Structures are given as structure tokens and as C-alpha cells.
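S.K.: What follows is a structure written as C-alpha cells; I'll ask about it next.
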Amino acid sequence: MTESGRGHELPVLLVAGYRMIIDELHRRLAERGFPDARPADGYALQAISAGAGSAVELAAALAVSKQAAGKTLEQLGQRGYLKRAIDPADGRRRTVTLTSRGHDLLAASAEAFDEIHREVADRIGDRALAGVERALRGLTGDPVIRTDTIGWLGGGPRIH
């Protein structure tokens, strides 16, 4: 039985853990040559990697406006993480794909996440971490990447 008046602690602890991991991830990414990477970039790059090939598709994947997606694409392009092109099948449509630098950032992120995971296991123990992960999977279902989290955090439209 839980103690009354402490219901707010679970989401606060979950967000604090998320923030701790993401801050550490970006510290490591800066050391690996990606000092300009921002937390929101990961969501966009994952969505593009999974097939969001235009501003409209990225907006839907991130649950943000088309304008916000366009701005994100512009910034990622300026920093060399993606390239834009005119769709040969439809000259009105601009497509986006990851550059080698974009793929390198995703690979560096995966490496750093694995390192952080190992360090958390070292800190709290393998069994405790496995228990936390098992409990969270029980709450959330399959552990899938929710690229729409960034729009949800910003108060954007909810996508189910």
C-alpha cells in the first residue's frame, strides 16, 4: 500500500532519471565530436531513420506542427546531420535523408546509452536495474521509441 500524498513522486522520479541520462548522454556526445547535438535532435533523427522522409511525415512522427518540423529539418541540415532534396517523383515534395554524420551521431548515441546503462547497473546492481526495467515495461508495454514524446512534452497534439 502506498503512502497518501506521495503520488506525485513517481512521475517526478521518472523525469529526473530521464533527465540525468539525457544530460550524461549529451556530455558524452560532445566528447565524441557532437557538441551541437540537442536532446530533441535524437527524436527527429530516429524518426527520419525510421522513414519520416519529409517535413509533413516528421511533423506527424514528432507530434509537432509542420512549421516546427521544417525548422528542425533546417537546423539539422545546417549542422550536417541530414540532406534535403527534391523528390524526383513529385517536384513539390522535398525529401530528407540522414548524412553519414547523422548516422554517426545515432551510432555514438547508441554506444553512449549502452555505457550509461552499464554504469547504472554497476551503481544500483544488475538485479535492481532488471527489476526497474521489468516494472516499467509492465507499465508501458513494449519498449518502443516514442518519437512523438517531444511534441507531447511541448503540449502538441496527442497521437495514439
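S.K.: If you go through the stretch 72-92 one residue at a time, how many are under 22 Å from GLY33 (Cβ atoms) and in a strand (DSSP E or B)?
M.R.: Of the residues in that region, 2 qualify.
S.K.: Another one. Suppose we filter the stretch 15-42 for residues that are open to solvent by 80 Å² or more (accessible area, probe 1.4 Å) and without any contact (Cβ under 8 Å) to a residue 60 or more places away in the chain; how many remain?
M.R.: Qualifying residue count for the region: 8.
S.K.: To continue, here is another question. Tell me, which residue of the stretch 105-145 that is part of a loop (DSSP other than H, G, I, E, B) and at pLDDT 70 or above is surrounded by the most Cβ atoms within 10 Å (Cβ to Cβ)?
M.R.: Among those that are part of a loop (DSSP other than H, G, I, E, B) and at pLDDT 70 or above, it is GLY125.
S.K.: Tell me the residue from ILE48, ILE86 that is farther than 25 Å from ALA112 by Cα and β-branched (Val, Ile, Thr), please.
M.R.: Exactly one residue qualifies, and that residue is ILE86.
S.K.: Exactly one condition in (1) farther than 20 Å from ALA112 by Cβ; (2) touching a helix residue (DSSP H, G or I) at 6+ places or on another chain (Cβ under 6 Å) is false for GLU24; which is it?
M.R.: (1)
S.K.: Tell me which residues, restricted to the stretch 53-71, are under 16 Å from ALA85 (Cβ atoms) and touching a residue at least 24 places away in the same chain (Cβ under 8 Å). If you could, list the steps in order and put the result at the bottom.
M.R.: Looking only at the stretch 53-71, we keep the residues that are under 16 Å from ALA85 (Cβ atoms), and these are 53-58, 70.
Hits for the stretch 53-71 are GLY53, SER54, ALA55, LEU58.
S.K.: Would you confirm, using the coordinates I've provided, whether ALA55 is touching a Gly at 6+ places or on another chain (Cβ under 6 Å), surrounded by 15 or more Cβ atoms within 10 Å (Cβ to Cβ), aliphatic (A, V, I, L, M) and farther than 30 Å from ARG137 by Cβ?
M.R.: yes
The values are calculated or read from the model by the stated rules, or taken from the named source; none is laboratory data. Since the model is a prediction, treat every value here as computed from it, not as a measurement. Cβ atoms come from the backbone with ideal geometry, glycine included; neighbour counts cover every protein chain shown. Surface accessibility is based on the protein's heavy atoms, side chains included, excluding ligands, DNA and RNA. Shrake-Rupley method; radii C 1.70, N 1.55, O 1.52, S 1.80 Å.
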